[in-house]
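K.L.:
The structure follows.
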Amino acid sequence: MEKITIGPMPYMSVMPTLLVGANVKGKANYMTAAWATVACMAPPMVCVAINKVRHTAKGIEENKTFSLNIPSAKQVIETDHCGLVSGTHEDKSKVFKSFYGKLKTAPLAEECPVNIECKLFKSVDCGSHLLYIGEVEEIHVAKACTVDGKPDVTKIDPIVYAQATYWKVGKEIDKAFSAGKNYSKK
Ligand SMILES: Cc1cc2nc3c(=O)[nH]c(=O)nc-3n(C[C@H](O)[C@H](O)[C@H](O)COP(=O)(O)O)c2cc1C
């Protein structure tokens, strides 16, 4: 396979599209984020890279809590809006209806089928962005988006982010931790 070099950049082929919820001076604020992933299994942790200038960063520093909300494809307009507008200039507290769970200071977006409550574990100063690592305190999932008590990706219908474009999850191709059993040595 012939390769070209494209220089150093923070590249990943696909990313999730999430809404980071944080209270800033007691008011809920939601920010779109794609630079997020799982950080640890035991204890369960997730992380998100947030530019230091974001209004959201102020809220996380203030309360040491935040939420990761997984929107459905049908929330794409509200989701993109939260990535175009800063809470510093415009009140985004009414874009989603907020509720609160175990952590009383991490706003959770009612309309999103999955809400992950996070207690700040550590923040790593990487330069332009702070990597916020959060310990997962609780996960709320819309009952209609579960099968046998577990979140179901086809029902959640999450938004995939790639190449400055929103996508839907594609077709299943094989089973993980299983397909590799058919590998034959070269
Ligand atoms: C699809 C998308 C993904 C984004 N991902 C991130 C991200 O991972 N980290 C970040 O700091 N900003 C990200 N942004 C930019 C922020 O969402 C944007 O600057 C927002 O207005 C910040 O809101 P706030 O100032 O209220 O926190 C993203 C924007 C979009 C549209």
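The values are calculated or read from the model by the stated rules, or taken from the named source; none is laboratory data. Source: prediction; values computed, not measured. Positions of Cβ are backbone-derived with ideal geometry, glycine not excepted, and every protein chain shown enters the neighbour counts.
K.L.:
Looking at this structure, is residue 153 touching a strand residue (DSSP E or B) at 6+ places or on another chain (Cβ under 8 Å) and either at pLDDT below 95 or more than 19 Å from residue 40 (Cα to Cα) (or both)?
P.N.:
No; evaluated as a whole, the condition is false for this residue.
K.L.:
Would you mind listing the strands (runs of 3 or more DSSP E) fully within segment 129-186 where at least 2 residues are away from the ligand (no atom under 16 Å from the Cβ)?
P.N.:
Here the list reads 129-141.
K.L.:
Can you pull out every residue in segment 47-74 that is closer than 22 Å to residue 166 by Cα and in contact (Cβ under 8 Å) with a residue 60 or more places away in the chain?
P.N.:
Listed by number, the residues that qualify are 47, 48, 49, 50, 51, 68, 70, 71, 72, 73, 74.
K.L.:
While we're looking at this one, here's another question. Does segment 47-97 hold any residues that are among the polar types (S, T, N, Q) and surrounded by fewer than 21 Cβ atoms within 10 Å (Cβ to Cβ), and which are they?
P.N.:
Scanning segment 47-97 gives 51, 63, 72, 86, 88, 93.
K.L.:
Next question. Mind listing just one residue for me: the one in segment 9-56 that is among the aliphatic types (A, V, I, L, M) and assigned to a loop (DSSP other than H, G, I, E, B) and, of those, farthest from residue 158 (Cα to Cα)?
P.N.:
So, considering only residues that are among the aliphatic types (A, V, I, L, M) and assigned to a loop (DSSP other than H, G, I, E, B), the one farthest from residue 158 (Cα to Cα) is 53.
K.L.:
Could you check segment 29-65 and list, in sequence order, the residues that are away from the ligand (no atom under 11 Å from the Cβ) and closer than 14 Å to residue 108 by Cα?
P.N.:
Hit for segment 29-65 is 65, nothing else.
K.L.:
Follow-up. Report whether or not residue 96 is more than 9 Å from the ligand (Cβ to nearest atom), of a type in the set (Phe, Trp, Tyr), touching a residue at least 24 places away in the same chain (Cβ under 8 Å) and over 15 Å from residue 159 (Cβ atoms).
P.N.:
Judged against the criteria, residue 96 is not a match.
K.L.:
Let me ask something else. Please work out which residue is surrounded by the most Cβ atoms within 10 Å (Cβ to Cβ), limiting yourself to segment 109-136 and to residues that are under 22 Å from residue 72 (Cα atoms) and in contact with a Pro (Cβ under 7 Å, 6 or more places away or on another chain).
P.N.:
Taking the candidates together, the pick is 112.
K.L.:
Taking the conditions exactly as written (under 14 Å from residue 48 (Cβ atoms) and surrounded by 14 or more Cβ atoms within 10 Å (Cβ to Cβ)), does residue 156 satisfy them or not?
P.N.:
Spelling it out, it is not the case that residue 156 is under 14 Å from residue 48 (Cβ atoms) and surrounded by 14 or more Cβ atoms within 10 Å (Cβ to Cβ).
K.L.:
Can I ask one more? Quick one: is residue 179 over 26 Å from residue 19 (Cβ atoms) and without any contact (Cβ under 8 Å) to a residue 24 or more places away in the chain?
P.N.:
yes
K.L.:
Take segment 159-186 and flag every residue that is loosely packed, with under 10 Cβ neighbours inside 10 Å, among the hydroxyl-bearing types (Ser, Thr, Tyr) and under 17 Å from residue 14 (Cα atoms).
P.N.:
Listed by number, the list holds a single entry, 165.
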